[in-house]
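A.B. asks: Quick one: this structure, given as structure tokens, is what I'll be asking you about.
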Amino acid sequence: MKKAFSLALALLMILSMVACGANQTPASPSQPQSSVDVNNSSNDAENIVIGYATKSSSSPFWVENIAGAKKAEKELGIKLNVIGPPVENDVSGQIAVLEDMITSKVNAIVVAPCGDVGVADVVKKAMSSQIPVIAVDNGVEGVDVDSLVCTDNYAAGQMAGKFIGEQIGGEGKVIIVNGIVAQGSGKGRRDGFVDYMKITYGDKVNVVEVTGDWDDQKALSGFEAALAANADVKAGYAAWDGAALAMHKVLKQEGRDDVVLCGFDCYEESLKLMNADDPIFKGDIAQNPSNMGYTAIMTAYAAIKGESIRKNIDTGTTMVTAENVANYAKQMGVVLN
């Protein structure tokens with residue numbers, strides 16, 4: 001009897017402990033919440049919204065870039081809001097877009113800054129709101145964004161400098177048409193080229209600079225004036241292919257098949273010129289805009305999920321000439337003939 005009573009008492013104590021435990025509040029996690037928890041109550045991909053403020057939605061480079069971003073959107077099953085200004089230097093317009101993204105509490109922002117300095121304050125505001133920010137194509141001055149996904153534009157500028165230097169035998173006059181040098185991409189492409197020429201050839205190569213600001217028409221008129229004032233020019237370099245093709249047009253009109261050009265971005269028309277062994281358009285720097293857009297969205301998603309991401313991601317460049325243009329075009333799915 002005594003033994004049975006002891007067993008009953010032990011069973012009663014166990015049941016009492018279980019009941020008490022069921023009413024206890026779980027301990028708070030020691031790890032901080034991810035940005036998903038801050039901006040969205042659900043971790044489901046379909047509830048994640050990433051805002052992408054691009055520099056443009058119409059130029060060939062940005063069309064490819066956005067296509068890569070949308071590929072990532074489809075693979076992840078998220079919602080991607082892409083907004084690009086009509087012109088690539090519309091800083092005030094981009095600031096308004098970023099403000100709207102902050103107000104709507106997107107889970108992450110991907111931005112291709114129209115102005116490295118101009119968008120700094122609104123990017124700081126986003127980050128202080130615990131929204132991860134991934135910069136694309138160029139960084140934001142004075143702001144330590146979560147990650148920068150871009151071409152190493154300085155190295156690419158050096159690549160173009162090496163190509164042109166070899167084409168002109170290390171001496172002569174070169175005209176370059178710059179993009180917006182207040183943007184990291186424009187500055188890198190200009191500085192890499194100019195520094196390479198200065199360090200490698202010194203005074204043997206004279207570089208004449210033209211302001212283009214990513215505007216094809218401005219590039220054309222600026223190059224026309226520079227060519228008229230520098231008839232002894234031996235080569236030209238453009239920070240983007242819209243300018244390179246404008247330069248090519250001017251040179252053809254002037255009958256200057258003796259001038260060598262190097263572009264940047266590998267537009268389809270440029271590839272076709274090199275494939276046809278054009279006497280003027282001899283080289284082009286190829287970026288990987290599709291991979292850039294894809295990688296930026298994938299990186300933003302990883303940041304939302306609280307995963308470790310790289311601070312700087314170089315999406316690569318290739319020097320394209322008549323020798324490798326057919327192979328490059330095939331890889332890119334471009335039909336040359």
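Taken together, the values in this text are just the output of simple stated rules run on the coordinates, not laboratory data. Note that this is a predicted model, so its numbers are computed, not measured. Don't worry about glycine lacking a Cβ; one is built from the backbone with ideal geometry, like all the others, and counts go over all protein chains shown.
A.B. asks: In a GNM of the chain with a 10 Å cut-off on Cα contacts, which of 46, 171, 224 has the highest mean-square fluctuation?
C.D. replies: 46
A.B. asks: Suppose a student asked you for the relative contact order of the stretch 47-187, using Cα pairs under 8 Å spaced at least 6 residues apart; what percent would you report?
C.D. replies: 21
A.B. asks: Would you please put 208-215, 232-239 in order of how densely packed they are, using the mean number of other Cβ atoms within 10 angstrom per residue and starting with the highest?
C.D. replies: Those peptides, ordered most packed to least, come out 232-239, 208-215.
A.B. asks: Please report the net charge: other residues with Cβ closer than 12 Å to the Cβ of residue 174, K and R +1, D and E -1.
C.D. replies: +1
A.B. asks: For the residues 259, 82, 335, what sequence is obtained by ranking on other C-beta atoms within 10 Å, fewest first?
C.D. replies: 335, 82, 259
A.B. asks: Quote the charge dipole size of the chain about the Cα centre in Debye, to the nearest 20; the model charges only the Cβ of Lys and Arg (+1) and of Asp and Glu (-1).
C.D. replies: The dipole of the chain has a size of about 1460 debye.
A.B. asks: Have a look at 285, 168, 66 and tell me which one the Gaussian network model of the chain (Cα, springs below 10 Å) gives the largest fluctuation.
C.D. replies: Answer for the Gaussian network model of the chain: 168.
A.B. asks: On to the next question. Determine how many Å³ per residue the convex hull of the Cα atoms of the stretch 36-176 encloses.
C.D. replies: Residue-normalised Cα hull volume stands at 128 Å³.
A.B. asks: Right, next: Please turn the phi angles of the stretch 67-81 into ³J(HN,Hα) values with the Karplus equation 6.51 cos²θ - 1.76 cosθ + 1.60 (θ = phi - 60°), one per residue in order, whole Hz, x for glycine and proline.
C.D. replies: Residue by residue, the stretch 67-81 yields 4, x, 5, 5, 5, 5, 4, 5, 5, 7, x, 9, 10, 10, 9 Hz.
A.B. asks: Local charge sum around residue 311 (other residues, Cβ-Cβ under 12 Å, Lys/Arg +1, Asp/Glu -1)?
C.D. replies: -2
A.B. asks: Highest GNM mean-square fluctuation, the chain, Cα pairs closer than 10 Å: which of 68, 170, 51?
C.D. replies: In this elastic network of the chain, the residue with the biggest mean-square fluctuation among 68, 170, 51 is 170.
A.B. asks: Residue 120: net charge of surrounding residues, Cβ under 12 Å, Lys/Arg +1, Asp/Glu -1, itself excluded?
C.D. replies: Residues near residue 120 contribute -2 overall.
A.B. asks: I would also like to ask the following. Averaged across orientations, what area in nm² does the convex hull of the alpha carbons in the stretch 174-227 project? Write down the numbers at each step before the final one.
C.D. replies: Details: hull surface 14.4 nm².
For the Cα atoms of the stretch 174-227, the hull's average projected area reads 3.6 nm².
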